[in-house]
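The values are calculated or read from the model by the stated rules, or taken from the named source; none is laboratory data. Every value quoted in this text rests on a predicted model; they were computed, and no experiment measured them. Don't worry about glycine lacking a Cβ; one is built from the backbone with ideal geometry, like all the others, and counts go over all protein chains shown.
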Amino acid sequence: MCETCGCGHPHDSSPAHDAAHAHGHEHSHDHAHDHAPPVRTLNVNQPALALNQRFADQNRGWFRAKALTVFNLLSSPGSGKTTLLERTLCDLPGSAAIVGDLQTENDARRLRASGAQAIQITTGATCHLDAHMVAHVLDKLDTSGLRFLFIENVGNLVCPASYDLGETRRVVLLSVTEGEDKPLKYPVIFRTADLVLVAKCDLAEAVGFDRAQALANIRQAAPKAQMLEISSKTGAGLQNWYAWLRD
(Lines give C-alpha, C1' and ligand atoms only; values in the text may rest on other atoms or scores of the structure.)
Protein backbone atom coordinates (compact mmCIF):
# COMPACT_ATOMS: atom_id res chain seq x y z
CA MET A 1 0.00 0.00 0.00
CA CYS A 2 1.22 3.50 -0.74
CA GLU A 3 1.16 5.30 2.61
CA THR A 4 1.27 8.63 0.77
CA CYS A 5 -1.92 8.41 -1.28
CA GLY A 6 -3.65 5.29 0.07
CA CYS A 7 -3.51 3.35 -3.19
CA GLY A 8 -3.65 -0.41 -3.07
CA HIS A 9 -6.82 -0.56 -0.97
CA PRO A 10 -10.35 0.11 -2.20
CA HIS A 11 -11.23 1.27 1.30
CA ASP A 12 -9.26 3.18 3.89
CA SER A 13 -7.57 0.67 6.20
CA SER A 14 -5.36 3.08 8.09
CA PRO A 15 -5.03 2.69 11.89
CA ALA A 16 -6.90 5.93 12.37
CA HIS A 17 -9.75 4.67 10.20
CA ASP A 18 -9.86 1.28 11.93
CA ALA A 19 -9.89 2.88 15.37
CA ALA A 20 -12.69 5.17 14.36
CA HIS A 21 -14.87 2.20 13.34
CA ALA A 22 -13.92 -0.32 15.99
CA HIS A 23 -16.87 0.54 18.22
CA GLY A 24 -20.41 -0.62 17.55
CA HIS A 25 -23.03 1.59 15.99
CA GLU A 26 -26.08 0.30 17.77
CA HIS A 27 -26.16 3.07 20.38
CA SER A 28 -27.61 6.50 19.81
CA HIS A 29 -25.37 9.48 19.07
CA ASP A 30 -27.91 12.17 19.91
CA HIS A 31 -27.20 12.53 23.67
CA ALA A 32 -26.70 16.20 24.47
CA HIS A 33 -24.19 15.37 27.22
CA ASP A 34 -21.93 13.26 24.97
CA HIS A 35 -18.55 14.71 24.21
CA ALA A 36 -16.54 13.90 21.10
CA PRO A 37 -13.31 12.03 21.88
CA PRO A 38 -10.06 13.89 21.23
CA VAL A 39 -8.85 13.66 17.66
CA ARG A 40 -5.56 11.84 17.16
CA THR A 41 -3.49 12.05 14.01
CA LEU A 42 -1.37 8.99 13.26
CA ASN A 43 1.56 9.58 10.94
CA VAL A 44 2.02 6.33 9.01
CA ASN A 45 3.92 7.91 6.13
CA GLN A 46 7.30 8.37 7.80
CA PRO A 47 7.59 4.82 9.23
CA ALA A 48 6.69 3.38 5.81
CA LEU A 49 9.37 5.45 4.11
CA ALA A 50 11.90 4.57 6.81
CA LEU A 51 11.28 0.87 6.17
CA ASN A 52 11.61 1.45 2.43
CA GLN A 53 14.89 3.26 3.01
CA ARG A 54 16.34 0.23 4.78
CA PHE A 55 15.53 -1.96 1.78
CA ALA A 56 16.85 0.72 -0.59
CA ASP A 57 20.16 0.80 1.26
CA GLN A 58 20.37 -3.00 1.04
CA ASN A 59 19.66 -2.84 -2.70
CA ARG A 60 22.32 -0.16 -3.13
CA GLY A 61 24.87 -2.38 -1.44
CA TRP A 62 23.89 -5.30 -3.68
CA PHE A 63 24.22 -3.15 -6.80
CA ARG A 64 27.64 -1.94 -5.74
CA ALA A 65 28.81 -5.46 -5.04
CA LYS A 66 27.77 -6.41 -8.57
CA ALA A 67 29.37 -3.26 -10.07
CA LEU A 68 26.00 -2.19 -11.49
CA THR A 69 24.96 1.34 -12.39
CA VAL A 70 21.22 1.55 -11.81
CA PHE A 71 18.81 4.09 -13.30
CA ASN A 72 15.29 4.67 -11.96
CA LEU A 73 13.10 5.93 -14.86
CA LEU A 74 10.00 7.89 -13.86
CA SER A 75 7.29 9.66 -15.84
CA SER A 76 3.60 9.92 -16.62
CA PRO A 77 1.98 6.96 -18.39
CA GLY A 78 2.64 7.04 -22.12
CA SER A 79 5.62 9.37 -22.00
CA GLY A 80 7.85 6.95 -23.90
CA LYS A 81 9.86 5.10 -21.21
CA THR A 82 9.42 1.66 -22.77
CA THR A 83 10.19 2.84 -26.30
CA LEU A 84 13.31 4.57 -25.04
CA LEU A 85 14.38 1.38 -23.25
CA GLU A 86 13.80 -0.71 -26.38
CA ARG A 87 16.37 1.40 -28.21
CA THR A 88 18.70 1.68 -25.24
CA LEU A 89 18.84 -2.06 -24.53
CA CYS A 90 19.64 -2.72 -28.20
CA ASP A 91 22.30 -0.02 -28.45
CA LEU A 92 23.96 -0.36 -25.05
CA PRO A 93 25.49 -3.82 -24.45
CA GLY A 94 25.48 -5.11 -20.91
CA SER A 95 22.06 -3.68 -20.07
CA ALA A 96 18.97 -5.18 -18.44
CA ALA A 97 15.62 -3.87 -17.21
CA ILE A 98 13.15 -4.29 -14.38
CA VAL A 99 9.67 -3.07 -15.34
CA GLY A 100 6.86 -2.00 -13.04
CA ASP A 101 3.18 -1.97 -14.04
CA LEU A 102 -0.08 -2.51 -12.24
CA GLN A 103 -0.98 -5.42 -14.53
CA THR A 104 0.32 -7.44 -17.54
CA GLU A 105 3.82 -8.35 -18.68
CA ASN A 106 3.46 -6.49 -21.96
CA ASP A 107 6.40 -4.14 -21.46
CA ALA A 108 8.78 -6.87 -20.31
CA ARG A 109 7.90 -8.92 -23.38
CA ARG A 110 8.60 -5.92 -25.60
CA LEU A 111 11.97 -5.35 -24.00
CA ARG A 112 13.00 -9.01 -24.16
CA ALA A 113 12.70 -8.78 -27.94
CA SER A 114 15.91 -6.75 -27.80
CA GLY A 115 17.71 -9.83 -26.50
CA ALA A 116 18.27 -8.25 -23.09
CA GLN A 117 16.98 -9.46 -19.76
CA ALA A 118 13.70 -7.85 -18.68
CA ILE A 119 11.91 -8.75 -15.47
CA GLN A 120 8.31 -7.66 -14.87
CA ILE A 121 6.95 -6.58 -11.50
CA THR A 122 3.15 -6.35 -11.36
CA THR A 123 2.08 -4.20 -8.43
CA GLY A 124 -1.67 -4.86 -8.44
CA ALA A 125 -3.26 -1.63 -7.23
CA THR A 126 -0.06 0.03 -6.02
CA CYS A 127 0.96 3.11 -8.00
CA HIS A 128 4.73 2.85 -7.58
CA LEU A 129 7.59 0.46 -7.12
CA ASP A 130 9.23 0.27 -3.73
CA ALA A 131 12.64 -1.04 -2.71
CA HIS A 132 11.25 -4.29 -1.29
CA MET A 133 9.55 -5.17 -4.60
CA VAL A 134 12.85 -4.61 -6.42
CA ALA A 135 14.78 -6.68 -3.87
CA HIS A 136 12.44 -9.63 -4.48
CA VAL A 137 13.41 -9.95 -8.15
CA LEU A 138 17.15 -9.28 -8.00
CA ASP A 139 17.97 -12.98 -7.73
CA LYS A 140 16.38 -13.44 -11.17
CA LEU A 141 19.07 -11.31 -12.80
CA ASP A 142 22.08 -12.87 -14.47
CA THR A 143 24.68 -10.26 -13.54
CA SER A 144 27.57 -11.77 -15.50
CA GLY A 145 28.63 -9.11 -18.00
CA LEU A 146 25.87 -6.80 -16.77
CA ARG A 147 26.82 -3.14 -16.41
CA PHE A 148 23.60 -1.12 -16.56
CA LEU A 149 20.25 -1.86 -14.93
CA PHE A 150 17.20 0.23 -15.80
CA ILE A 151 14.17 0.23 -13.50
CA GLU A 152 11.11 1.42 -15.39
CA ASN A 153 8.84 2.64 -12.63
CA VAL A 154 5.04 2.67 -12.73
CA GLY A 155 3.73 5.61 -14.79
CA ASN A 156 2.90 8.21 -12.14
CA LEU A 157 4.27 11.66 -11.29
CA VAL A 158 3.36 11.59 -7.59
CA CYS A 159 4.09 8.58 -5.38
CA PRO A 160 7.24 7.19 -7.04
CA ALA A 161 9.06 10.41 -6.13
CA SER A 162 9.07 9.41 -2.45
CA TYR A 163 10.49 5.91 -2.86
CA ASP A 164 14.23 5.35 -3.14
CA LEU A 165 14.87 2.01 -4.87
CA GLY A 166 18.61 2.02 -4.28
CA GLU A 167 19.30 3.50 -7.71
CA THR A 168 22.49 5.26 -8.72
CA ARG A 169 20.71 7.97 -10.72
CA ARG A 170 17.12 9.10 -11.18
CA VAL A 171 15.81 10.03 -14.63
CA VAL A 172 12.46 11.77 -15.23
CA LEU A 173 10.88 11.92 -18.69
CA LEU A 174 8.67 14.76 -19.88
CA SER A 175 7.15 14.15 -23.30
CA VAL A 176 6.24 17.11 -25.50
CA THR A 177 2.68 15.73 -25.73
CA GLU A 178 2.14 16.40 -22.01
CA GLY A 179 2.51 20.16 -22.26
CA GLU A 180 5.01 22.55 -20.74
CA ASP A 181 3.63 22.92 -17.21
CA LYS A 182 4.10 19.43 -15.77
CA PRO A 183 7.30 20.40 -13.91
CA LEU A 184 5.39 23.16 -12.13
CA LYS A 185 2.40 20.94 -11.34
CA TYR A 186 4.51 18.04 -10.08
CA PRO A 187 7.69 19.71 -8.81
CA VAL A 188 8.74 17.03 -6.30
CA ILE A 189 9.47 14.33 -8.86
CA PHE A 190 11.40 16.77 -11.06
CA ARG A 191 13.32 18.15 -8.10
CA THR A 192 14.57 14.64 -7.28
CA ALA A 193 15.84 14.04 -10.84
CA ASP A 194 19.49 13.82 -11.81
CA LEU A 195 18.46 14.06 -15.45
CA VAL A 196 15.29 15.29 -17.15
CA LEU A 197 14.69 13.91 -20.65
CA VAL A 198 12.39 15.92 -22.91
CA ALA A 199 11.02 13.06 -25.01
CA LYS A 200 9.14 12.69 -28.31
CA CYS A 201 10.75 15.83 -29.68
CA ASP A 202 9.79 14.76 -33.20
CA LEU A 203 6.19 15.65 -32.27
CA ALA A 204 6.96 19.09 -30.81
CA GLU A 205 5.80 21.12 -33.81
CA ALA A 206 2.68 19.02 -34.35
CA VAL A 207 1.47 19.52 -30.77
CA GLY A 208 2.52 23.17 -30.51
CA PHE A 209 5.10 22.50 -27.82
CA ASP A 210 6.65 25.67 -26.38
CA ARG A 211 10.23 24.49 -25.96
CA ALA A 212 11.57 27.64 -24.31
CA GLN A 213 8.77 27.69 -21.73
CA ALA A 214 9.17 23.98 -20.98
CA LEU A 215 12.91 24.26 -20.43
CA ALA A 216 12.38 27.28 -18.18
CA ASN A 217 9.82 25.33 -16.13
CA ILE A 218 12.17 22.36 -15.80
CA ARG A 219 14.96 24.65 -14.69
CA GLN A 220 12.68 26.23 -12.09
CA ALA A 221 11.52 22.88 -10.68
CA ALA A 222 14.84 21.04 -11.03
CA PRO A 223 17.67 23.59 -10.95
CA LYS A 224 20.35 20.95 -10.34
CA ALA A 225 19.23 18.41 -12.94
CA GLN A 226 20.80 18.02 -16.34
CA MET A 227 18.50 18.20 -19.37
CA LEU A 228 18.55 16.39 -22.69
CA GLU A 229 16.12 16.44 -25.61
CA ILE A 230 15.50 13.15 -27.40
CA SER A 231 13.35 11.30 -29.86
CA SER A 232 13.32 7.52 -29.54
CA LYS A 233 11.56 7.31 -32.92
CA THR A 234 14.10 9.29 -34.98
CA GLY A 235 17.12 8.70 -32.75
CA ALA A 236 17.72 12.41 -32.21
CA GLY A 237 19.65 13.04 -29.01
CA LEU A 238 20.13 9.36 -28.17
CA GLN A 239 23.91 9.52 -28.48
CA ASN A 240 23.90 12.26 -25.82
CA TRP A 241 21.72 9.99 -23.67
CA TYR A 242 24.13 7.09 -24.06
CA ALA A 243 27.09 9.33 -23.28
CA TRP A 244 25.37 10.48 -20.08
CA LEU A 245 24.73 6.86 -19.08
CA ARG A 246 28.37 5.91 -19.61
CA ASP A 247 29.71 8.96 -17.79
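Quick rundown of the values:
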| item | result |
| --- | --- |
| Subset of region 93-107 (residues that are surrounded by fewer than 17 Cβ atoms within 10 Å (Cβ to Cβ) and within 14 Å of F148 (Cβ to Cβ)) | P93, G94 |
| Only listed residue being touching a helix residue (DSSP H, G or I) at 6+ places or on another chain (Cβ under 9 Å) and either more than 30 Å from D181 (Cβ to Cβ) or aliphatic (A, V, I, L, M) (or both), chosen from L141, L157, L102, L146 | L157 |
| Selection count, region 108-162, where residues are surrounded by fewer than 20 Cβ atoms within 10 Å (Cβ to Cβ), more than 21 Å from F55 (Cα to Cα) and touching a strand residue (DSSP E or B) at 6+ places or on another chain (Cβ under 6 Å) | 3 |
| Filter pass, I151 being part of a helix (DSSP H, G or I) and under 19 Å from the mean Cα position of the chain (by Cα) | no |
| Some residue of region 221-241 being out of contact with any helix residue (DSSP H, G or I) (no Cβ under 6 Å at 6 or more places or on another chain), crowded, with 17+ Cβ neighbours inside 10 Å, in a helix (DSSP H, G or I) and among the hydrophobic types (A, V, I, L, M, F, W, C) | yes |
| Test result for G80, modelled with pLDDT of 55 or more and either over 18 Å from L129 (Cβ atoms) or basic (K, R) (or both) | yes |
| Verdict on D139 being within 25 Å of L203 (Cα to Cα) and assigned to a helix (DSSP H, G or I) | no |
| Count of residues meeting criterion [in contact (Cβ under 8 Å) with a residue 12 or more places away in the chain, more than 27 Å from S175 (Cβ to Cβ) and not small (G, A, S)] in region 55-74 | 9 |
| Among residues of region 163-188, those that are touching a strand residue (DSSP E or B) at 6+ places or on another chain (Cβ under 6 Å) and in a helix (DSSP H, G or I), counted | 1 |
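So that you can scan it fast, the table gives a plain yes or no per residue for (1) at pLDDT 95 or above; (2) touching a Ser or Thr at 6+ places or on another chain (Cβ under 9 Å):
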residue	(1), (2)
L42	no, yes
R54	yes, no
N59	yes, no
W62	yes, no
S75	yes, yes
L92	yes, no
E105	no, yes
T143	yes, no
